[in-house]
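For reference, the structure discussed in these notes is given below.
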């Protein structure tokens, strides 16, 4: 599945429409972001049941502020409309795969209970 460039409206649509969404906040000038791009693309090809998106933090400063993005790249993972992971950095492929697998295996009833959402 291709990685989509997201805006505030398309991010909301992706989170509502998909069980798991992985989002990278990036900047065009960021060399780490550029070197991480193929890693994220490989993950998107491997995990076809997950929606992958990218948000340019410079072009979407409101979103960057909303999610308190302090550094790029920063990865976010939403599961069943709930933010379950947020971390700055560019994890190597095995770590990125582990992040995805952990998101897939979460007990979302327990997560919502822990977060006071139920």
What number goes with the only condition from (1) closer than 29 Å to residue 107 by Cα; (2) in contact (Cβ under 8 Å) with a residue 40 or more places away in the chain; (3) surrounded by fewer than 12 Cβ atoms within 10 Å (Cβ to Cβ) that residue 62 does not pass?
(1)
Check the range 8-17 and report whether any residue there is in contact with a helix residue (DSSP H, G or I) (Cβ under 6 Å, 6 or more places away or on another chain) and either surrounded by 18 or more Cβ atoms within 10 Å (Cβ to Cβ) or in a loop (DSSP other than H, G, I, E, B) (or both).
no
Within the range 93-116, restricting to residues that are surrounded by 11 or more Cβ atoms within 10 Å (Cβ to Cβ) and not in a helix (DSSP H, G or I), the one that is modelled with the highest pLDDT is 106
For the range 73-92: of the residues being out of contact with any strand residue (DSSP E or B) (no Cβ under 7 Å at 6 or more places or on another chain) and closer than 21 Å to residue 54 by Cβ, which is surrounded by the most Cβ atoms within 10 Å (Cβ to Cβ)?
90
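The values are calculated or read from the model by the stated rules, or taken from the named source; none is laboratory data. It should be emphasised that the depicted structure is a prediction, and the values quoted were computed from it without experimental measurement. Note that each Cβ is placed from the backbone with ideal geometry, even for glycine, and that neighbours are counted across all protein chains shown.
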